[in-house]
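Heads up: the structure comes next, in structure tokens.
Just so it is clear, none of the values below were taken in a lab; they were calculated from the coordinates. Here the structure is a predicted model, which is why all the values come from computation and not from measurement. Cβ placement follows ideal geometry from the backbone for every residue including glycine, while neighbour counts extend to all protein chains displayed.
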Amino acid sequence: MRGMNELEANPWTTLETRTAYANPWIRVRHDEVLTPAGKPGIYGVVEYENRAVGVLPLDEEGSTWLVGQWRYCHESYEWEIPEGGCPPGEDAGECARRELLEETGIVAGDIEPLLTSLQLSNSTTNEVCDIFLARVAGFEEARPEETERLQVRKLPWREALAMALDGRIRDSVSVLALLALANRGGC
């Protein structure tokens, strides 16, 4: 056990930290460090203001809904489960309900955590994500944000799983949600 504790100890020394860039959603931190080898180096970290939340809706027939949208960072149109940012102080489950309603018009009934505190890119960001499974209780009008131009698609969840497995769905939160549900034995 003694060796394990030594290996698990932080081998990095932070000498100086400064904000290189900030906006209401992210902060880019530039750190001057000593590497695990004891040599001078730098480390850049993207810190997120909000916690990421994804929600996989399911109805009684085993169907789910995906949202399609243009993803600016990847310059491509992508299909994914409804997702959003959970501001500090908001309950992640309530955020999942809100995002599901905003993006698809689906009112969530029972909602349960599917995966929690996932580290989405732990080499460069502190972003964490909670993913929920929501049972469809009803429908209202969708209310996407002004930055979202969404297409909503209903399909059997097994088809969505196939899309994740063959690369048609590439969003990590969506892939993880669909694989987690499959690992539970499906809907």
- Query: What number, rounded to the nearest 500 deg cm²/dmol, is the helix-based mean residue ellipticity at 222 nm of the chain, given -39500 (n - 2.57) per DSSP H run of at least four residues and division by all its residues?
  - Reply: -6500 deg cm²/dmol
- Do you know the relative contact order of the range 51-183, to the nearest whole percent, from alpha carbon pairs under 8 angstrom that are 6+ apart? 33 percent
- Query: Mind listing which chymotrypsin sites (Phe, Trp or Tyr not before Pro) in the range 122-187 are in a DSSP loop and have 13 or fewer other Cβ atoms within 10 Å?
  - Reply: none
- Given just the C-alpha atoms of the range 2-48, how large is their convex hull per residue in cubic angstrom? 72 Å³
- Express the Stokes-Einstein translational diffusion coefficient of the chain in µm² s⁻¹, to the nearest whole number, given a Kirkwood radius over alpha-carbon pairs, 20 °C and a viscosity of 1.002 mPa s. 117 µm²/s
